[in-house]
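As structure tokens, the structure follows; a few thoughts come after it.
The values are calculated or read from the model by the stated rules, or taken from the named source; none is laboratory data. Because the structure is predicted, anything quoted here is derived from the model rather than measured. Because the Cβ atoms are built from the backbone with ideal geometry, glycine has one as well, and the counts that use them run over all protein chains shown.
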Amino acid sequence: MSQLRDLTLYVIRPGECEHNIAGRAASWDDSPLTANGREQARANGRLLKEVAGDLSDFDFFASPIHRTCNTMEIVREAASLAPTGYRADRRLMEIDFGDHTWMTREEIRARDPDLPGLDDSGDWDYVRPRGESWAHLHERVSRFLPTLTRNAVIVTHYGPARSIRGHYLGLTPEQTKSYKPPHAGIMRLSTGTETYFD
Amino acid sequence: MLRNITLYVLRHGECEHNALGVVAGQNDSPLTARGREQARVNGARLKELTGDLSAFDFFASSLHRACATMELLRGGAGLSTTGYRADRRLMEIDCGDNTWRRWADITSDAEKNPVWHRARWDYRHPDGESFHDLYARVGAFLATLERNAVIVTHAGPVRALRGHYLGLTGDDVLSYQAPHAGIMRLASGTESYFGD
């Protein structure tokens, strides 16, 4: 197995979806990419080809939820690759929001007034009702990363994208959670450092 | 009451992992050309069976293969592709550490576990779900239905939906083998199957 820092990873979020516009947490539910989200995916595909050059020694992985696979297929086509040459791995799914799935922030606050902060200020170990904590997410991402044997392009969600960065750069929980990657653009993790392209 | 509503239930079309003979669980693999064609044919069939689909809600598992099938199905039925809701409770059983293994290998391991023989429903995939877990979440999903519905999901949830609807128990739920191609109709307390 390669050391994680010896590998180059390109990490991409799904394009904007209808639930983003509606302000809802889709988590393990899903909603369609908007026209803007599809364009973000195409732009990321062109950008990936431009930045990475030859993608033939890269493996491709996505979360198995529809929006990330859909984004992956658009990214690959825009990078002149066959759309389906990737693996979908469950360990790349978003944090399981459990009973908070499909709620707005206001609805979550109304349901659980004692919630210790919705994302960044919240407790790393806070477990969503019938869902997961950040610690759970970070642990399952840590079981995915050692399966990588080559450089990889990874399309995943807001939580796992930050978790991958945290593992790669050896960050603390607070540093891991405080990062806010946008929908558009590509994070490169290479030789122990990060670069963002958009 | 569940029995007062009509459900059309479909599996996703054939995928690469089906052709490989491995269990995808909550992983995913692309629909094959055959799987895409099955989904389109089912869309045309659904339209022929129901005529007007305006009184139906549409739900899919949020795993990619189910949503991709739903979009082809809706296209085949002459509907806009994205007018559906993707619900996590319709995802395939979480096979945990058995994900991406062959079913024969999974069962030969499971047979060493006394729970498998005593109560198949309670056998839990290592770091995954039991059929009992799946049955409960599919039941929670069904309780949210307000209108007739078209549902695209996986082999496990199809068994659970059918079991809840028909009021079945034990092996009568587990033994059902849902084919990929075709449509199950659950209406006025009975089942019909339309397909090849």
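Only a single item in (1) of a type in the set (Ser, Thr, Tyr); (2) assigned to a loop (DSSP other than H, G, I, E, B); (3) more than 10 Å from chain A (Cβ to nearest Cβ) is not met by residue B:69, and it is number (2). Among the conditions (1) more than 8 Å from chain A (Cβ to nearest Cβ); (2) closer than 25 Å to residue A:68 by Cβ; (3) hydrophobic (A, V, I, L, M, F, W, C); (4) surrounded by 21 or more Cβ atoms within 10 Å (Cβ to Cβ), residue B:63 misses just one, which is (1).
Of the residues B:145, B:134, B:161, B:174, the single one that is in contact with a Lys or Arg (Cβ under 9 Å, 6 or more places away or on another chain) and modelled with pLDDT of 95 or more is B:134.
From the list A:106, A:73, A:39, A:94, the lone residue that is within 11 Å of chain B (Cβ to nearest Cβ), among the acidic types (Asp, Glu) and part of a helix (DSSP H, G or I) is A:73. Conditions: (1) without any contact (Cβ under 8 Å) to a residue 60 or more places away in the chain; (2) β-branched (Val, Ile, Thr); (3) under 30 Å from residue A:191 (Cβ atoms). Residue A:75 meets all but one. Number of the miss? Result: residue A:75 fails condition (1) only. Scanning the stretch A:137-170 for residues that are farther than 19 Å from residue B:96 by Cβ and in contact with a Gly (Cβ under 9 Å, 6 or more places away or on another chain) yields A:168, A:169, A:170. Across the stretch A:80-91, a minimum of one residue is classified as of a type outside the set (A, V, I, L, M), more than 12 Å from chain B (Cβ to nearest Cβ) and more than 20 Å from residue B:35 (Cα to Cα).
Among residues of the stretch B:1-33 being part of a helix (DSSP H, G or I) and out of contact with any Gly (no Cβ under 7 Å at 6 or more places or on another chain), the one that is nearest to the other protein chains (Cβ to nearest Cβ) is B:16. Have a look at A:55, A:48 and point out the one that is more than 9 Å from chain B (Cβ to nearest Cβ), in contact (Cβ under 8 Å) with a residue 60 or more places away in the chain, assigned to a loop (DSSP other than H, G, I, E, B) and farther than 20 Å from residue B:89 by Cα. Being more than 9 Å from chain B (Cβ to nearest Cβ), in contact (Cβ under 8 Å) with a residue 60 or more places away in the chain, assigned to a loop (DSSP other than H, G, I, E, B) and farther than 20 Å from residue B:89 by Cα holds for just one of A:55, A:48, which is A:55. The condition of being within 14 Å of chain A (Cβ to nearest Cβ), surrounded by fewer than 17 Cβ atoms within 10 Å (Cβ to Cβ) and assigned to a helix (DSSP H, G or I) holds for only one of B:83, B:75, that being B:75.
Highlighted here are the helices (runs of 4 or more DSSP H) found entirely within the stretch B:117-182 that include at least 1 residues which are among the acidic types (Asp, Glu) and more than 16 Å from residue B:92 (Cβ to Cβ): B:171-174.
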